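Undergrad: So that we are looking at the same thing, I have put the structure below in structure tokens.
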Amino acid sequence: MTREEIKGILEAILFVWGDPIEIETLAKATRLPIADMKAHMEELIQDLEQANRGIRIHRYENSFQLRTIAEADPFIRNLLLEREEKSLSSSALETLSIIAYKQPVTRIEIDSIRGVQSSSAINTLSARGLIEEAGRLDRIGKPILYRTTQEFLRVFDLEDLSQLPQQPEEAPVQEEENGRDTTE
């Protein structure tokens, strides 16, 4: 196969697959070495960018996905108004933030940080594919550990977790004296 034929096949696979697909899976499907596959993917990424096409290939860690260009978003939204998704509640976003920064983390740890029960938010995030189980702790009750998913990276347009905003340094907590004389 020529380089152009391989790139055409890769573009077709990415189009049909829809979700992010790992480089190893692409290499296996095309029966090409991983190093060659990486080179072909880089060429295809450059070709799509230089041709000013309406699609691009986005990289998520070691996976790739065919996506539309940002400039097409308003027009696509006009077509998809009927399928409008509900946004995440503030409690779900707060829970997702904790999981993203502390992962892997248990529900009890999340509840402790938030100060409220988080089961509903965890169920919502799990149902949307933004978090998943990452195993269980080896202690009483075998609590479930949660982590973010590749869907989380896709939704928030991140290549990997290192692109998360830096957490602000915690300011020291100072106790209020409430106007009382503490020199008793």
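Undergrad: Applying 1/(1 + (r/R0)^6) with R0 = 22 Å to the Cβ-Cβ distance of Leu79 and Ile55, what FRET efficiency is obtained, to the nearest 0.05?
TA: Numbers: r = 16 Å, r/R0 = 0.72.
Efficiency, from the Cβ-Cβ distance: 0.90.
Undergrad: If you don't mind, there's one more thing I want to ask. Packing-wise, with mean Cβ within 10 Å as the measure, how do 147-157, 90-100, 50-60 rank, highest first? Working shown, then result.
TA: Values: 147-157: 17.3, 90-100: 18.8, 50-60: 13.4.
Result, highest mean first: 90-100, 147-157, 50-60.
Undergrad: Let me ask something else. Carbon and sulfur atoms: what percent of the 1.4 Å accessible area of the chain do they account for?
TA: On the way: 6450 of 12980 Å².
In the chain, the share of accessible area belonging to carbon and sulfur is 50 percent.
Undergrad: Then there is this: Mean separation of Cα pairs under 8 Å and 6+ residues apart, divided by the residue count of the chain: what relative contact order is that in percent? Mind dumping the intermediate values first?
TA: Numbers: 168 pairs, mean separation 28.3, N = 184.
It comes to 15 percent, rounded to a whole number.
Undergrad: Residues with amide H under 5 Å of Arg136's amide H, sequence separation 5 or more or different chain, H placed in the peptide plane at 1.01 Å from N; which?
TA: Result for Arg136 returns Leu145.
Undergrad: Can you work out the Karplus-derived ³J(HN,Hα) for every residue in the range 104-115? Use 6.51 cos²θ - 1.76 cosθ + 1.60 with θ = phi - 60°, whole Hz, and x for glycine or proline.
TA: x, 9, 8, 4, 4, 5, 4, 4, 5, 5, 6, x
Undergrad: How big is the equivalent ellipsoid of the range 49-133 along its three axes, where each semi-axis is √(5λ) from the Cα gyration tensor, reported in whole Å from largest to smallest? Before the final figure, lay out each step's value.
TA: Details: eigenvalues 218, 61, 18 Å².
That gives 33, 17, 10 Å for the three semi-axes.
Undergrad: Estimate the FRET efficiency between Thr68 and Ser112 by the formula 1/(1 + (r/R0)^6), using the beta-carbon distance for r and 41 Å for R0, to the nearest 0.05. Can you show the working numbers first?
TA: On the way: r = 41 Å, r/R0 = 0.99.
It comes to 0.50.
Undergrad: Determine the sum of side-chain charges near Glu4: Lys and Arg each +1, Asp and Glu each -1, restricted to other residues whose C-beta is under 11 angstrom from that of Glu4. Walk me through the numbers on the way to the answer.
TA: Values: positive: Arg3, Lys7; negative: Glu5, Glu11, Glu43, Asp47.
Charge balance in the 11 Å sphere: -2.
Undergrad: Accessible area per residue, 1.4 Å probe, Å², for the chain: what's the number?
TA: Working: 12980 Å² over 184 residues.
Averaged over the residues of the chain, the accessible area is 71 Å².
Undergrad: Translational diffusion coefficient, Stokes-Einstein: compute it for the chain using the Kirkwood radius over C-alpha pairs as Rh, at 4 °C and 1.567 mPa s, and state it as an integer in µm² s⁻¹. Walk me through the intermediate numbers first.
TA: Numbers: Rh = 20.0 Å.
Calculated translational D: 65 µm²/s.
Undergrad: Residue by residue through the range 43-51, what is 3J(HN,Hα) from phi via Karplus (6.51 cos²θ - 1.76 cosθ + 1.60, θ = phi - 60°)? Round to whole Hz and write x for glycine and proline.
TA: 5, 5, 4, 5, 4, 5, 5, 6, 7
Undergrad: For Ile140 and Thr2 in the same chain, what is the full-extension length gain: residue separation times 0.36 nm, less their Cα-Cα distance, in nm?
TA: On the way: separation 138, 0.36 × 138 = 49.68 nm, distance 5.81 nm.
Fully extending the segment from Ile140 to Thr2 adds 43.9 nm.
Undergrad: Apply the Karplus parameterisation 6.51 cos²θ - 1.76 cosθ + 1.60, with θ equal to phi minus 60°, to every residue of the range 30-40 and state each ³J(HN,Hα) to the nearest whole Hz, in sequence, with x for glycine and proline.
TA: After applying 6.51 cos²θ - 1.76 cosθ + 1.60, I find 9, 6, 10, x, 4, 4, 5, 4, 4, 5, 5 Hz.
Undergrad: Shifting gears a bit: Among Ile45, Ser120, Leu14, pick out the residue whose Cα is farthest towards the positive end of the charge dipole of the chain, where Lys and Arg carry +1 and Asp and Glu carry -1 on C-beta, about the Cα centre.
TA: Leu14
The values are calculated or read from the model by the stated rules, or taken from the named source; none is laboratory data. What you see is a predicted model, and the numbers here were worked out from it, not measured in a lab. Quick reminder, even Gly has a Cβ in these numbers, built from the backbone with ideal geometry, and neighbours come from all protein chains shown. Side chains included, ligands, DNA and RNA excluded: accessible areas come from the protein's heavy atoms. Shrake-Rupley method; radii C 1.70, N 1.55, O 1.52, S 1.80 Å.
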